[in-house]
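Written below as structure tokens is the structure these notes are about.
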Amino acid sequence: MVDITIRKRPDTEAVITQRKFFKKTARGKVIKVLRERYLRDDVGCGIQGCHACAELGNLPPAGETGHSAFPMGHFLLPDTNVFLSQMDLMESNLFSPPIILLQTVLDEVRHRSLPLYNRLKALTKADDKRIWVFYNEYRSETAIVREEGETPNDRNDRGIRKATTWYQSHIPLAHGRSASSSAMPKVVLLTDDAANRRKAEAEGLAVSSVRRYVEGTKDSNQLLDLLAVVGEDSIEPTRAVAARSALYADYLPTAAVLAGVKSNQLHQGHFNANPYNYLEGSVSVPAFTKPVLLVGRENMNRAVHGDIVAIEVFDESEWKAPADEVVDQETTLKNDDAEDSDEEGEGEEVLEQEKKVIQSEENKRPPSEKQPTGRVVGIIKRNWRAYVCHIDMSSLSNTHSTSLSQQTVFATPVSRLLPRIRLRTRQAPQLVGQKILVTIDRWDNTSRYPEGHFVRALGKAESKEAEQESLLLEFDVPYRPFGKAILDCLPVEGDKWVVPPKSASSSEWRDREDLRQLTICSIDPPGCQDIDDALHAKRLPNGNIEAGVHIADVSHFVLPDNPMDTEAAARGTTVYLVDKRIDMLPSLLGTNLCSLRPYVERLAFSVIWELTPDAEIVNVRFTKSVIASKAAFTYEEAQLRKDDPHMQDEITESLRLLNSLAIKLKAGRMAAGALNLASPEVKIHLDSAESSDPVDVEQKELRETNSLVEEFMLLANISVAKKIQETFPQTAVLRRHLPPPRTNFEKLQDILKKRKGMTLDVSSSGALAASLDKCIDTNEPAFNTLVRIMATRCMLSAEYFCSGSVARDTFGHYGLASPIYTHFTSPIRRYADVLAHRQLAASIAYAPLHPSLHSKSHVERVLDVVNRRHRMAQMASRASVEFYVGLALKARGEREQGLVQEEAFVIRTFRNGLGVFISKLGIEGLVMFKREVKFDPDNYTVTLPFELTGNNDVTIAVFDKVTVNVEIEKDKNTQRGRVKLTLAKPIDSRNM
Amino acid sequence: MASISLSKSEKSYIQTSLLSTPPLRGDGRSLLDYRTIALETGIAPLANGSARLNIGKPTHEGGGGTEVLGAVKLEVEDVENGDGVDGGRIVCSVSCSPAAYPHLSSNALDDLSYDMTTLLNQTLSHPSLHPPNLCILPKKKSWCLNLDVIVLSDSGNVYDALFMAARAALWDTKVPITRAVEYQAKRGGKNPQENTDVDMDTETEQQSGFDTRHISRAVDFELPDYWDEGETLAGQDLWPVCVTLNIMPPTYYLDATPQEEASTPLRLLLAMSFPKSASSRLQATRLLGPGEIELSQIKRLIQEGEKHGRELYSALEAKLREEDVRRNQKARDKFVLR
């Protein structure tokens, strides 16, 4: 007879066994939640070879012996705040004592900050860390019950101390002998809470503050820099905090901010810093059509670009117009000293100066352009991350310029949108001239600058590796190599994988059409390795034309919900830098198995149309297929082949056929009102593969074949979009481009009218396209492109969306003038395409749809990430091009022994400068005037008075063509190379 | 109430023995004796307050007593959209288990539940008993206190049991602590010292005649400490107890069994509360049954009833406090000493 014991606990133990708490739901209801807690005696301590615990641990039995204060070895038991404020320290490779992570701590970290919790979780899994998660709330000896009148914090602290006590008494048991406790390793409670330390010491526990602990480690010099700045008391105990006056207003408590936002008294939005003027920022909120302006340090109130802030809008009488002057942080704040800047004396001067700048500007602002103005009253979410910075050399104190003593220095972020960051470091002299990564820790209301700490050095400024990595970090591009779990998802055959011979039993051939005999070819830019599309066309007996687009069948290899899929979803897109490609999928897939290389069999997803010779669609079908491409052309080769009258072979014929269709398709699209937009695109010529020194910059050339491929990709995308929207009306992955609000164009329309007497009709995309075509200056062929570039900037960006999440009438793609659109044709480099592939495969009943793609919220979540990554990737590649343009200019300057001169167009006028666009280099820059000039904001002109020019007044207006001197000037403080422009024609402005 | 059917001779037998000297009762009690009352609080962990009460024989002794279960659930109500009442409200409902009244049809059972609901609701939701801490945000949010009582079995004196269970559940009720969340526009409300730094918008410093700051701008609330059960519902000592006087002229007796109830022509229900600081209050009276009584007699009965009520009240109070200690202090000590 089996002995049955009833383990059900009686109600009378409710206090111990039940954890009750209240939860407030989003709808404002209060729910009581009850959790049962089962206490056990077999929760493992994690020490290897422990005699008392059955579970296998990862902590070395002797602990860490390298610390000076604990020669007998020790284990570290940090409390919650250590993880909340010193995560960089914990993540450092140099910091590797065995750590006991309590469940109480883990739970509290999760409750306080989800991102930190995720970092902590990753840390517990890292190979080079020895962290053991101890479930102290479930071990009967260490579980505690909240006392009457005890705050949750006190309860948790008590739990942590109790667990420390238990560990201390458990270690002798673990070693299986009753050795004297002095010879045993210690468990060190790591906490920065002085009260908790006192209590722990009273209980006879080993305890240390983070700083004291780190000072005793082997690599204390490097590690001390990683310490986040917490609480003045530990770092600068002598400084009189009270003596400092608050520079900023205090933030409202979070709850009050939320209440204010809810009652519409406050507004919530992303803080955007003004790149031209560091004393100004703006926040776009739904309540106003124009963004809300924040003028001056006090009103921006410590917001950093990207933060989600709550703002209060002033009365209309106090509204201001945005500044039209360039205010540079570096020139205004030149004399600011990092060590002293938070003390009164000198700081006043700087403030005084800033105030002058703001006021002088204010008087000049045209009253006509007033927009809502307000101030930041609270931060809803900080979006601080690690920023790439340079050390400001002038902030280094002269006396210690070579010493290793700790000093406070300024780090100037590479991005103009960010304020300088103050940090303390011992390594300042080594860091000068390097790109370094700095994290902001906090920004007190007594401090003009945020305070941060040094994370790591990226390398010498202007070295390619450092620049490349800093770019990737700056735009948050995940660039780690693919992990093992991801590579395990690849086919086991590796690069030996081939399409198996056709047979009924082969899973690859199931429901696949054999299109190997078709004359398929691919057309791509030169050097393209990830060929994801190929085309074919042939005449049908009935006079119609069969055209096919074949897309790499990525979804055959990337199965839903495995590590590779998750990683691809997180990366969102492949990022192309000038000299590097950061792949979304492992390169085995991207450049080999999925790449539709010529002469090999590849799996494809085909869209095949029957078109009339006038490019009307008669019929379309979608099928999974096996193809063998017959040729891989570059755009140029394809163009030559098509134009060569001697070539009469099948491939050339099909190219001509495709081309004739593409021309008609394009005409049809243009008639429907598609926009022909322009963005500055340049191509960097790299000298050779080894040195990769750029030699020259040239603008990209567009051929007929570019348009050929583009037309068919558009057609495929539209056909697929219709199909998946029909099949999955709730969750189809689509792409749209919302029509821009008309107000976006107001300024451009005004400039065009005043300067050129031209009008821009923005009532529809068709009207806009037509009026853009009319914007022609016969003397200046590039003028039309310039207007197109400026018009493009007025538009919104296209985005992926889930069809169930928005209204049906907003599906349209404004730029393409298509009622529905998706991305299907580049699954190797865009994740949205992979989703579209899966949905299309399900809609032709090839494979069942993964449940996650039936969930609207899941699709929305994935697409949000993809949208963001897409934006970031674009910005990263643009920044990469800019960097190389800079290098090229430098090289050219050296080669030509003097000034580089380029033609440029004026695109914006400021009170003290001009914004110019150099189309040949694809870059934008500022021409600044140091002397007083006349500025007419209503007519967009700047007049250089005759005192300066020597003879007549020279007036320069928007759209004027000027010639500029391009110089690369190295900021001697920050080592930051920057383009300096001066006018050469119509007037030499180098002395102005 | 015909909860049980008795023959005329049976009734007459019971009546005669109750009126004889000394009075005789079926279970040997004297006229003013109660049966054993068992009480346990905190029986429903998900409720904000709960109690189980048994008069007679508790279930673990074989059952057969009058068993009543009361539980309090607090709900957030929005006052602005008309769901709730400013300052909170109390809604009571009584449902009778069919097992308690197997001989009643479902309609009759509903009627009975309705009668009891009316009595309990009218008494407990009376303004004189309204606890002040049911308000979350004045004029915006309030708690709705739902008191649900279930009669699991009835062996007489169900009204006393009903009120005692209700009192115990209310006594046990903890109201989650809320903190008002508000946004006060502080236009120009900066410290004077800050104004030396800022030359902008200094004109708003003086007080406006239309200062509306005393009107609370709170729009929402938060739970500052979600682990905490909360504070006790105010007016713990106010919740009334009920004493049923079974009137058998010229005398009366307490805590009737079903048979006694069936043979008694008239019952007087007195719900009384005994505030600590003031004199006792009569919160409700009901006369049940076909019998008659003169007004002059009622006055005497009420005075008698107050005496019995106070006894019942203090006994209940002692038990409630003991329960509280058992569930918290003792359980914790036991845990520490384990």
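The values are calculated or read from the model by the stated rules, or taken from the named source; none is laboratory data. Because the structure is predicted, anything quoted here is derived from the model rather than measured. Neighbour counts run over all protein chains shown; Cβ positions are idealised from the backbone, glycine included. For the accessible areas, the whole protein counts, side chains as well, though only heavy atoms, and no ligand, DNA or RNA atoms are used. Shrake-Rupley method; radii C 1.70, N 1.55, O 1.52, S 1.80 Å.
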Does the stretch A:43-226 come out rounded, prolate or oblate, given a ≥ b ≥ c as the square roots of the eigenvalues of its C-alpha gyration tensor, rounded meaning a/c under 1.5 and, failing that, prolate meaning a/b above b/c? rounded
For the stretch B:33-58, list whatever residues lose no less than 30 Å² of accessible surface once every protein chain is in place, relative to that chain by itself, with the probe at 1.4 Å. B:P45, B:L46
State in Å² the accessible area per residue of the protein assembly as shown; use a 1.4 Å probe, count heavy atoms of protein chains only, and round to the nearest integer. 45 Å²
Classified through the alpha carbon gyration tensor (a ≥ b ≥ c as square roots of its eigenvalues; rounded if a/c is under 1.5, else prolate when a/b is larger than b/c, else oblate), the stretch A:499-540 comes out oblate
Under 16 Å from the Cα of B:K319, which lysines turn up, not counting those fewer than eight places away in the same chain? B:K330
Just for the protein assembly as shown, what percent of DSSP beta bridges are antiparallel, to the closest 5? 80 percent
For A:E710 and A:A845, what does the FRET efficiency come to when R0 = 45 Å and r is the distance between their Cβ atoms, rounded to the nearest 0.05? 0.90
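By the gyration tensor of its Cα atoms, with a ≥ b ≥ c the square roots of the eigenvalues, what is the shape of the stretch A:497-578: rounded for a/c under 1.5, prolate for a/b over b/c, or oblate?
oblate
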Using alpha carbons only, how many angstrom separate the centre of the stretch B:34-59 from the centre of the stretch A:31-52? 34 Å
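Among DSSP bridges having both ends in the stretch A:43-226, what percentage is antiparallel? Round to the nearest 5.
5 percent
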With just the Cα atoms defining each centre, how far is the stretch A:536-601 from the stretch B:296-318? Give it in Å. 88 Å
Among the complete DSSP H segments of chain A, which ones combine at least 27 Å of alpha-carbon extent along their axis with a mean Kyte-Doolittle hydropathy of 0.0 or more? A:650-672, A:704-727
The helix B:8-19 Cα axis meets the longest alpha-carbon principal axis of chain B at an angle in degrees, between 0 and 90 and rounded to 10, of 80 degrees
Contact-by-burial set, the stretch B:66-93, min loss 20 Å², accessible area of protein heavy atoms with 1.4 Å probe, reference chain alone, gives B:V76
If r is the Cβ-Cβ distance from A:T566 to A:L796 and R0 is 22 Å, what FRET efficiency results, to the nearest 0.05? 0.15
Take the Cβ-Cβ distance between A:Q371 and A:V865 as r, set R0 to 30 Å, and report the resulting FRET efficiency rounded to the nearest 0.05. 0.40
Angle check, please: helix B:106-124 long axis (alpha carbons) against the longest principal axis of chain B (alpha carbons), in degrees 0 to 90, nearest 10. 60 degrees
Residue-averaged [θ]222 nm for chain A, counting only DSSP H segments that reach four residues, each worth -39500 (n - 2.57): -9000 deg cm²/dmol
Please report, as a whole percent, how much of the solvent-accessible surface of the protein assembly as shown comes from carbon and sulfur atoms (probe radius 1.4 Å). 52 percent
Which links in A:K580/A:K930; A:K20/B:K334; A:K29/A:K290; B:K141/B:K276 stretch past 28 Å when you go from one Cα to the other? A:K580/A:K930; A:K29/A:K290; B:K141/B:K276
Between A and B, buried accessible area summed over both sides at probe 1.4 Å, in Å² to the nearest 100? 4500 Å²
Beta bridges by DSSP in chain B, antiparallel share as percent, to the nearest 5: 85 percent
